Amino acid sequence: MSESSLRQRRDVDERTDARAESTDSCPECGDGSVILDDVRGELVCQGCGFVLRNRLIDPGAEWSAFTHEESQEKSRVGSPMTEMLHDKGLTTEIHWKNADAQGRPLSARKQETIKRLRTWQDRLRISQTGERNLQLALSEINRMTSALELPQQVGEMASVIYRQALENNLVQGRSIEGVASSSLYIACRKRGLPRSLDEFETVARVERSEIARSYRSLVVQQDLEMKPIDPKQFVPRFCSELELGQRVKREATEILERSGDAGLHSGKSPTGLAGAAIYLAARRCDEELTQSRIADVAQVTEVTIRNRYQEQLALIEQS
């Protein structure tokens, strides 16, 4: 191949790389389903097969590990950066064990020295009031993320939302726990893992009304786009807790789709709608299920389940 042909091919690759970096969609078909092929080292459109980039460099480790302990032994780097720590995990930390690298206990004099170093290390890491408040808020987000059994990505997003609120002076005049709880509530909705305010109240250290006020303030003042909660998002989790099969889950999803098209969701609690749809689906599938059991899982009253059930039943019987 001539030099001019190589230069032209290099220019085409550079233009393709630039288009791939500037958009997440395919520049050829605009399908938007661009995936990474780890085996071939290519960035490929799943729709038309167009190769956006090739000869990608693998940023992973050159060694293999099959257990967590083996990975820790072979790793030559520290912990990754995380938004859930006030310093993003960039500062050092002195271990609480009074032992050397070989595990041998330190002398009493060395222990006193290490104790003083730990004290100064904590003071240097958190030297300002803002850093102390941020540490408190992020630890609260971490605690609630674990209590609600949410993925780590949700906690990371909640930490970013809280940091933005802190930069915009939206925390001033409000409780740190309230803003932290509302940040996690927003992150859950954005990630498609909704939790009701009643569920947040069980793990938060503030009242439900405080979480709701902070949520409204963050959404309005930070201009966040929040879509209404889809009751169908609660169906898989509720069915799992009630130990119901796929048949009931599919039936409940269809009921919610039909009731949503009929306009029955407006102004109604999404957890109540999901619970009523599951109850109706269970009855249609000959599954034994009580309204009180569903109400406990959905954290609504039996009256709510009964009212939403009557509305959905009337709609199903009409069609």
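Would you point out which residue out of Gln246, Gln221 is within 30 Å of Ser139 (Cβ to Cβ) and of a type outside the set (A, V, I, L, M, F, W, C)?
Testing whether each residue is within 30 Å of Ser139 (Cβ to Cβ) and of a type outside the set (A, V, I, L, M, F, W, C) leaves just Gln221.
What number of residues within segment 45-82 are under 27 Å from the mean Cα position of the chain (by Cα) and β-branched (Val, Ile, Thr)?
Of the residues in segment 45-82, 3 are under 27 Å from the mean Cα position of the chain (by Cα) and β-branched (Val, Ile, Thr).
With respect to Gln299, determine if the residue is touching an Asp or Glu at 6+ places or on another chain (Cβ under 8 Å), crowded, with 17+ Cβ neighbours inside 10 Å, in contact (Cβ under 8 Å) with a residue 12 or more places away in the chain and not assigned by TED's automatic domain parsing to the domain that holds Leu193.
So Gln299 passes the test.
Could you list, in sequence order, the residues of segment 157-176 that are outside any helix (DSSP H, G or I) and hydroxyl-bearing (Ser, Thr, Tyr)?
Selection gives Ser175 alone.
Can you confirm whether Gly47 is out of contact with any helix residue (DSSP H, G or I) (no Cβ under 9 Å at 6 or more places or on another chain), surrounded by 10 or more Cβ atoms within 10 Å (Cβ to Cβ) and assigned to a loop (DSSP other than H, G, I, E, B)?
In short, yes.
Quick one: Leu256 ticks every box in (1) at pLDDT 90 or above; (2) within 20 Å of the chain's Cα centre (by Cα) except a single one, so which number is it?
Here Leu256 meets the rest and fails (2).
Which of the residues spanning segment 66-82 are at pLDDT 75 or above and either hydroxyl-bearing (Ser, Thr, Tyr) or not in a loop (DSSP other than H, G, I, E, B) (or both)?
Result: Thr67, His68, Glu69, Glu70, Ser71, Glu73, Lys74, Thr82.
Right, Trp63: surrounded by 10 or more Cβ atoms within 10 Å (Cβ to Cβ), modelled with pLDDT under 90 and aromatic (Phe, Trp, Tyr) or not?
yes
Going residue by residue through segment 167-189, is there one that turns out to be charged (D, E, K, R) and within 28 Å of Lys232 (Cβ to Cβ)?
Yes, segment 167-189 has at least one match.
If you take the residues in segment 104-156 that are polar (S, T, N, Q) and not in a helix (DSSP H, G or I), which one is surrounded by the fewest Cβ atoms within 10 Å (Cβ to Cβ)?
Ranking the candidates gives Gln128 first.
Can you tell me which condition Ala101 does not meet? The list is (1) assigned to a helix (DSSP H, G or I); (2) of a type in the set (A, V, I, L, M); (3) modelled with pLDDT under 80, and all the others hold.
(1) is the only condition that Ala101 fails.
Name the pairs whose Cβ atoms lie under 8 Å apart, with the first residue in segment 98-126 and in contact (Cβ under 8 Å) with a residue 12 or more places away in the chain, the second in a helix (DSSP H, G or I), and 6 or more positions between them or separate chains?
Here the result reads Asn98/Lys110; Asn98/Gln111; Asn98/Ile114; Arg125/Glu131; Ile126/Arg132; Ile126/Gln135, each pair linking segment 98-126 to a residue that is in a helix (DSSP H, G or I).
Which residues, taken from segment 184-205, are in a loop (DSSP other than H, G, I, E, B) and of a type in the set (D, E, K, R)?
Within segment 184-205, Arg191, Arg195, Arg205 meet the criteria.
The values are calculated or read from the model by the stated rules, or taken from the named source; none is laboratory data. Keep in mind the model is a prediction, meaning the values are calculated, not measured. Glycine gets a Cβ as well: all are built from the backbone with ideal geometry, and neighbour counts include every protein chain shown.
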